[in-house]
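What follows draws every value from the coordinates through simple rules; no lab data is involved. This is a predicted model, so every value here is computed, not measured. So basically every Cβ, Gly included, is an ideal-geometry build from the backbone, and we count neighbours across all protein chains shown.
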């Protein structure tokens, strides 16, 4: 007996104006519906084009729990294919794998081959399929491509479903954060660089997304790490130069007032960011040579505007967070209702001094690694929340801080930085994209329904 | 040169014997296992550091990510945090155990007073009902100072350094 499948009303009832039902975080059926609907109807980050510079270059990853391969096709375009052999379902490439496949993917099981656009190229003993019955088989379609792909300034997104909201409509003005991160390169170009941290979390993926715009936890949860860093640093002899690590830790324990004033902005479809007028990334020391390179590329006025934008965390709904001023991207990969793999990626600003990448990598290591003291603070509370929500004493999480009924009719707005408005914004989008393909049952989460919905 | 002759010449040059270096490395791990972290921190030279690469065979700690790449200040922050009253991820605390192979002295520069040792390990870190096993090898660059032997760099290579991990909260 399912409680939520094909019941859009039941899904919508999980989200109130100021509360979220615990089933959104702990219920296995809700998780399966997220994979079938939410992650199929939204534009989900796949990877960065710099990971596949040459034809045949590929990177295997997941969209929700769905295995895909991002590959550079022979015509130079970036394709996103289902990572599944049409014969027996074997993944052509292991998850996380990357390399160059040449002109085709070859299955390691029976040597079926596919072009880098996903179409079936050949299989051994082909004459065995020279009968009319094979023509009506699903396998004819080959690996198949996802519903739609968009490459925005080298950031590759896909929508699994062939029909749905367009890329520009979905992201709208929120793309300004990606613009700003790319513009910080004097050449207007980013490259994935420096390796990726992969950090396993035993909690629901949305706890991580919620936390990105939760400005009232750093001074509490991170008192143990950032607060200790400040205290230890204060013991240093007077006149000692403040190390980069302390510059990065210290703003986490800024007072509530700082976070109130830095502001928060929300956009339609669940996107939003903290740090409108100020942020914890605003006061880093200048890096020699960078300003000069930016002025040479853009002129002083524009360089100043680019670097004056110090947005903190931008959530691209459903599951990434981008930090423009520090050039990181965190990808929250859902594994199960209570398991998430967090990938933290870093970018080189092409044409900028190496010291920028060094700073980016230090930030990522101090804050996002499985060895990070800040990460330890966060994961502890996520895991306690995942367990605590199983209590039958109450059913709802609270997201009421600075709620204003007017926000329902103001999809784009800037407000007090300690508002939980972005969490409310995300969950409204969650209901919309969870239920939009449930209405007529065409994409009901039955295996047959999913197949029809995904392939085109 | 026979092992005995090497030992004799080391003594003549007032260098450190293999035994001293080996004992130092064994003691370093024991301090961690016993939770004597302030004493452990004292083993590091003032310019000493701890490096745990993210990639097998990694040579660059600056422009490639590492699991840890910490100077003494960052190590001190870590040690103080572990004991903090509001360090909730250490309530209850983690415990660890190193099972070490006898270290080998890989190279010695007696004139400079710098020694390189290698020590393979199995490392257990445990908290509540969870226990994880990590394996690898530690490479210590030790330096002779007026205060005695000190660590200039401890490099920890995990066999599975590029795997996805949960929390690693203590020192391998």
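A few comments on the model shown:
- Peptide A:191-204, shielding by other chains (average Cβ, 10 Å cutoff): 4
- Cut-off 12 Å, label 7 Å out along Cα→Cβ of residue A:117, residues of segment A:145-177 by amide N: A:145
- log₁₀ of I(q)/I(0) at q = 0.16, 0.25 Å⁻¹ - segment B:63-124, Debye sum with one point per alpha carbon: -0.90, -1.07
- Overall form of segment A:305-348 per C-alpha gyration tensor (a/c, 1.5; a/b vs b/c): prolate
- In plain terms, if you count all Cα to Cα distances in chain B and split them into 10 Å steps from zero, the share in each step is 9, 36, 36, 15, 4, 0 percent.
- Estimated from the Cβ-Cβ distance and a Förster radius of 60 angstrom, the FRET efficiency linking residue B:101 and residue A:135 is about 0.45.
- Highest mean packing first, where packing is the average number of other Cβ atoms within 10 Å per residue, the peptides A:272-280, A:229-237 line up as A:272-280, A:229-237.
- Nitroxide proxy distance, nm - points 7 Å out along Cα→Cβ at residue B:139 and residue A:390: 4.4 nm
- Value of relative contact order over chain B, rounded to a whole percent, pairs C-alpha under 8 Å and six or more apart: 23 percent
- Convex hull volume per residue in cubic angstrom - Cα atoms of segment A:243-339: 149 Å³
- In angstrom, the C-alpha Rg and Dmax of segment A:221-272 are 15.2, 50.
- Across every pair of non-identical alpha carbons in segment A:58-164, the mean reciprocal distance, once inverted, gives a Kirkwood radius of 14.3 Å.
- The C-alpha atoms of chain A define a longest principal axis, and helix A:373-388 lies at about 60 degrees to it.
- The length gained on full extension between residue A:217 and residue A:238, counted as 0.36 nm times the residue separation minus their Cα-Cα distance, comes to 4.5 nm.
- Nearest-ten-degree value, helix A:421-435 long axis tilted from longest Cα axis of chain A: 10 degrees
- Average other protein chain Cβ within 10 Å of Cβ, residues A:376-383: 4
- Separation in nanometres of the label points that stand 7 Å from Cα toward Cβ, at residue B:129 and residue A:287: 4.6 nm
- In percent, rounded to a whole number, the relative contact order of chain A is 22, using alpha-carbon pairs under 8 Å and six or more apart.
- Ratio of Rg to Rh for segment A:177-328: 0.98 [Cα atoms; Kirkwood radius as inverse mean 1/r over pairs].
- Inverse of mean 1/r across different Cα pairs in segment A:281-411, Kirkwood, Å: 18.0 Å
- Shape category assigned to the protein assembly as shown from the gyration tensor of Cα positions, a/c cut at 1.5: prolate
- Shape of segment B:10-84, Cα gyration tensor, a/c cut at 1.5: oblate
- Descending by average beta-carbon neighbour count within 10 Å, the peptides A:126-139, B:115-128 line up as B:115-128, A:126-139, the highest first.
- Kirkwood analysis of segment A:99-224, using all unique Cα-Cα pairs, places the hydrodynamic radius at 19.8 Å.
- Residue-averaged beta-carbon neighbours from other chains (10 angstrom radius) around A:408-419: 0
- DSSP beta bridges confined to the protein assembly as shown are antiparallel in about 95 percent of cases.
- C-alpha long axis of helix B:18-33 to longest principal axis of chain B, angle in °: 10 degrees
- Projecting label points 7 angstrom from Cα along Cα→Cβ for residue B:19 and residue A:125 puts them 7.1 nm apart.
- In units of the compact-protein estimate 2.2 N^0.38 Å, segment A:23-89 shows a Cα radius of gyration of 1.34.
- Segment A:119-173 - Debye-derived log10 I(q)/I(0), Cα point model, q = 0.20, 0.28, 0.31 Å⁻¹: -0.78, -1.16, -1.28
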